[in-house]
Amino acid sequence: MPILQAKGLKKYYGKEPNLVYALNGVDVAVEQGEFVAVVGMSGSGKSTLLHMLGGLDQPTAGEIIVDGHNLANMSDEQLTIFRRRNVGFVFQNYNLVPILSVYENIVLPIELDGNAIDKPFVDEIIGTLGLEQKRNSMPNMLSGGQQQRVAIARALATKPSILLADEPTGNLDSKTSQDVLGILKMTSTKFHQTMMMITHNEQIAQLADRVIHIEDGKIVREGRD
Amino acid sequence: MKTPLSGITMYTDLLWEGNITASEQQEFLSRMKTETEKLQWMMDCLIKISRLEVGAIELSPVPAGIKQTISDSISSVYSAASKKDISIKTADFKDISVLQDRKWTCEAMTNILENAVKYSKLNQEIDIAVDLLPLYTKISITDHGIGIPPDEWNLIFKRFYRGRNVKNVEGAGLGLYLASLILQKQGGYILVDSKVGHYTTFSMFLQNCKK
């Protein structure tokens, strides 16, 4: 039973005759623990797909099931709670809270949900991501790569069903990108995390277990073992 | 496995039939030896892969300098490289201590270097460079051979996969998969970058020792 499943996903914007088909019938299934990359050019629909799967937006048609939850019929409030508890996000521009320290940023989603912090687990994540010396630093004192590592730690801390990364190395230079990419792969294996990453860059996608190519809102190619 | 085995079978049959000259006999025996060695290599590879995959072998990464590992790997491929007049140049760098099981890391690196030699033309150069990144150390091995198209970058690390443009070159499609598995078991990974007809760079990433 896949942990993430989308069937006949469609997302249209606008009205006839100017209808934009951002997603035009997409079927995706991701198994637990898989690291999947979705590759496509600008405007291919990859970001839209990620937003659908993460419950950030509702599809025009089709079904999305994440770890047994059917997203299609959820209200905004239900989706917010669903996201907080089940999805970890890593964005291109890190999206850290500037007035909170590294540690506070990492545990924020846990605290927002009113849950107890699993201290040993959070310490392990901080250690794995090489952030021990930066626990009390503010985001503006960190390099781009370090900020992205904090974002990854934050995404992992809630032990989400799926981790979604939107061009996670887009704002980083090539060496830092390769470093962060390795971290994404390594943490997904170490913490048995299911991960989906979208990118326009084949260089980045190559580390995934499976690469899905998307064009004009449709999946055109899927590389399998 | 089939190609070396069918070669050995054919030569055995020819030798059995007789009616061959002494020099033909030498030739066939020599070819049989080569095919047997290839089979041996494939068997060893497959056994290592199986054992690593099920955890029957555990790697023991410890802090160790990367210079020695690189030097050992180069020695392993030196004679194959010399036969093609290929020179292997390592850019200067200060030794870095990384988390590695040296024997296995060396094996992975040797596989990559062997590929670099195999897919380079005569008289070419293979360049090795080392970069220290925040969490990893990157060891890049660049050849100036045929190159690999981007749509194959994810596939070449898969078991038994052979690139479209190397169908005429000997290979089992196991070396890269084993190398990638070895790196993963040490918390590392391999990336490829290439321009068809110009160069291919395989970069091996190993974890830096915690300070």
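Roughly what would the spin-label model give for A:E16 and B:K89, points 7 Å off Cα along C-beta, in nm?
A separation of 6.6 nm, rounded to one decimal place.
Among B:K103, B:K67, which comes first, second and so on when ranked by fewest other beta-carbon atoms within 10 Å?
Numbers: B:K103 12, B:K67 15.
Lowest count first: B:K103, B:K67.
Got a sec? How would B:D143, B:D193 order by Cβ neighbour count within 10 Å, fewest to most? List each step's numbers first, then the result.
Values: B:D143 26, B:D193 19.
Ordered by Cβ neighbours within 10 Å, fewest first: B:D193, B:D143.
Relative contact order of chain B, please, whole-number percent, based on alpha carbon pairs below 8 angstrom and at least 6 residues apart.
20
Summing -39500 (n - 2.57) over the DSSP H runs of n ≥ 4 in chain A and dividing by its residue number, what mean residue ellipticity at 222 nm do you reach, to the nearest 500 deg cm²/dmol? Walk me through the numbers on the way to the answer.
Values: 7 runs with 75 residues, N = 225.
So the helix-based figure for chain A works out to -10000 deg cm²/dmol.
Looking at the protein assembly as shown only, what percent of DSSP beta bridges run antiparallel? Nearest 5 please. The partial results should precede the final answer.
On the way: 46 of 68 bridges.
Just about 70 percent of them are antiparallel.
Can you pull the one-decimal nm distance between simple spin-label points at A:F121 and B:N123, each 7 Å off the Cα toward Cβ?
Inter-label distance under the simple model: 6.2 nm.
Mind checking A:206-214 for the average number of partner chain beta-carbons within 10 Å of each residue's beta-carbon?
Mean shielding by partner chains, rounded to a whole number: 3.
Kindly flag which residue pairs out of A:K175/B:K48; A:K7/B:K158; A:K185/B:K67; B:K38/B:K185; A:K185/B:K121 have an alpha-carbon separation exceeding 30 Å in this structure. Before the final figure, lay out each step's value.
Details: A:K175/B:K48 32 Å; A:K7/B:K158 28 Å; A:K185/B:K67 26 Å; B:K38/B:K185 26 Å; A:K185/B:K121 34 Å.
Long pairs (Cα-Cα over 30 Å): A:K175/B:K48; A:K185/B:K121.
Going by C-beta contacts inside 10 Å, put A:R135, A:R85 in order with the fewest on the left.
A:R135, A:R85
At 222 nm, what helix-only mean residue ellipticity would chain B give, in deg cm²/dmol to the nearest 500, using -39500 (n - 2.57) for each DSSP H run of four or more?
My calculation for chain B gives -15500 deg cm²/dmol from helical runs alone.
From the phi angles alone, apply the Karplus equation (6.51, -1.76, 1.60; θ = phi - 60°) to the stretch A:184-193 and give each ³J(HN,Hα) in whole Hz, x where the residue is Gly or Pro.
4, 5, 5, 6, 5, 6, 4, 9, 6, 8
Can you tell me, using C-alpha contacts under 8 Å and at least 6 residues apart, the relative contact order of chain A as a whole percent?
30
What's the angle, to the nearest 10 degrees (0 to 90), between helix B:102-118's Cα axis and the longest principal axis of chain B?
60
Go ahead and collect, in residue order, the members of the stretch B:151-180 whose backbone nitrogen is under 18 Å from a label point 7 Å along the Cα-Cβ direction of B:V196.
Those under the cut-off are B:151-157, B:162-169.
Quantify how strongly other chains surround peptide B:144-155 by giving the mean number of their Cβ atoms within 10 Å of each of its Cβ atoms.
3
Using every pair of alpha-carbon atoms in the stretch B:43-92, split the distances into 5 Å bins beginning at 0 and state the percent of pairs per bin, rounded to integers.
In whole percents, the pair-distance histogram is 4, 15, 15, 14, 19, 18, 11, 4, 0.
How would you classify the stretch B:131-211 from its alpha-carbon gyration tensor, with a ≥ b ≥ c the square roots of the eigenvalues: rounded for a/c under 1.5, else prolate if a/b is greater than b/c, otherwise oblate? Provide the component values of the computation, followed by the final result.
Working: a/c = 2.85, a/b = 1.64, b/c = 1.74.
Judged from the Cα gyration tensor, the stretch B:131-211 comes out oblate (a/c at least 1.5, b/c at or above a/b).
Report the label-to-label distance for B:R164 and B:D72 in nanometres (one decimal), using points 7 Å from each Cα along the Cα→Cβ vector.
It works out to 3.9 nm between the two label points.
Evaluate peptide A:175-182: per residue, the Cβ atoms of other protein chains within 10 Å of its Cβ; return the mean as an integer.
Rounded to a whole number, the mean comes out at 6.
Rounding to the nearest 10 and keeping the result within 0 to 90°, find how far the Cα-based axis of helix A:102-112 lies from the longest principal axis of chain A.
Helix A:102-112 sits at roughly 60 degrees to that axis.
How tilted is helix B:2-17 with respect to the longest principal axis of chain B? Cα atoms for both, answer in degrees (0 to 90, nearest 10).
30
Quick note: the coordinates plus some simple rules give every number you see, no bench work behind them. Since the structure is predicted, the reported quantities are computational estimates derived from the model, not experimental observations. Cβ coordinates were reconstructed from backbone atoms using ideal geometry, including for glycine residues, and neighbour counts include every protein chain displayed.
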